[in-house]
Amino acid sequence: NAGVMQNPRHLVRRRGQEARLRCSPMKGHSHVYWYRQLPEEGLKFMVYLQKENIIDESGMPKERFSAEFPKEGPSILRIQQVVRGDSAAYFCASSRAPPYNEQFFGPGTRLTVL
Amino acid sequence: GESVGLHLPTLSVQEGDNSIINCAYSNSASDYFIWYKQESGKGPQFIIDIRSNMDKRQGQRVTVLLNKTVKHLSLQIAATQPGDSAVYFCAETPPMIKAAGNKLTFGGGTRVLVKP
């Protein structure tokens with residue numbers, strides 16, 4: 001049973017370009033969470049999605065960031081017009097229906113904005 | 001706002017000794033707590049969890065203690081091994097509302113260095 005998969009593992013973008021990060025949850029999981037981690041810091045919650053629905057986006061910046069989890073295919077975190085401050089590791093986690101269900105994390109996508 | 005924090009940023013421990021990692025949380029309504037281990041270049045790995053109706057839970061070589069009176073959480077690792085070298089994060093979730101899911105609030109992390 002494959003774990004949470006994220007791609008690409010490393011992504012380099014120039015300022016003003018778009019970044020698309022993909023997350024495939026574990027088999028049987030329909031709940032996806034995105035977190036962002038700056039170097040030497042803890043992870044910060046961004047958004048929680050179920051299939052075709054955004055449940056909680058309270059941690060997502062209001063501009064340039066969007067997320068989706070379509071009926072078919074992976075969850076996508078999209079960052080438009082990237083700036084240097086967007087450089088970070090972005091982690092996706094998936095779980096079965098809450099509450100109290102362990103979140104399994106993917107290996108992350110490390111975004112570098114030049 | 002509410003946050004989860006740690007007392008010690010770095011912990012050096014001799015191989016074979018026991019490790020204790022501490023975490024203070026500020027949201028007295030927090031309902032569920034988890035410890036994660038993160039190795040360099042990898043995603044967080046679940047270690048152990050505990051619900052707010054418990055004060056102790058044991059796993060393989062690990063024990064989590066929860067003191068709700070002082071809002072303190074600790075992770076004890078018995079017979080620390082070189083493979084335990086990593087950054088350890090505590091995380092909390094607010095009271096469970098099914099529709100809200102269990103988004104995690106992470107602390108800043110403690111780096112554990114195991115000396116041979």
Q) For A:G3, are the conditions met, namely being more than 14 Å from every other protein chain (Cβ to nearest Cβ) and not basic (K, R)? A) no
Q: Would you mention how many residues in the stretch A:26-52 are more than 13 Å from chain B (Cβ to nearest Cβ) and under 13 Å from the mean Cα position of the chain (by Cα)?
A: 0
**Q.** Among the residues listed as A:V113, A:V4, the single one being at pLDDT 95 or above and over 14 Å from the mean Cα position of the chain (by Cα)
**A.** A:V113
Q: Tell me, please, whether a residue that is of a type in the set (S, T, N, Q), in contact with a Gly (Cβ under 9 Å, 6 or more places away or on another chain) and under 17 Å from A:G85 (Cα atoms) can be found in the stretch A:21-44.
A: yes
Q. Cβ-Cβ below 8 Å, separation at least six or inter-chain, first residue in the stretch B:10-22 and among the hydroxyl-bearing types (S, T, Y), second outside any strand (DSSP E or B): which pairs?
A. B:S19/B:T80; B:S19/B:D84
(Q) Just to be sure I understand, how many residues within the stretch B:23-47 are buried (at least 19 other Cβ atoms within 10 Å of the Cβ) and in contact (Cβ under 8 Å) with a residue 12 or more places away in the chain? (A) 12
Q) Restricting the first residue to the stretch A:38-57 and requiring it to be hydroxyl-bearing (S, T, Y) and crowded, with 17+ Cβ neighbours inside 10 Å, which pairs with a second residue that is modelled with pLDDT under 95 and not in a strand (DSSP E or B) meet a Cβ separation below 7 Å and a spacing of at least six or different chains? A) A:Y48/B:K103
Q | Residues (part of a loop (DSSP other than H, G, I, E, B), within 10 Å of chain B (Cβ to nearest Cβ) and crowded, with 18+ Cβ neighbours inside 10 Å) located in the stretch A:58-105 | A | A:P98, A:Q103
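The values are calculated or read from the model by the stated rules, or taken from the named source; none is laboratory data. The shown structure was predicted, so the numbers you read here are calculated from the model rather than taken from an experiment. No Cβ is skipped: glycine too gets one built from the backbone with ideal geometry, and neighbour counts run over all protein chains shown.
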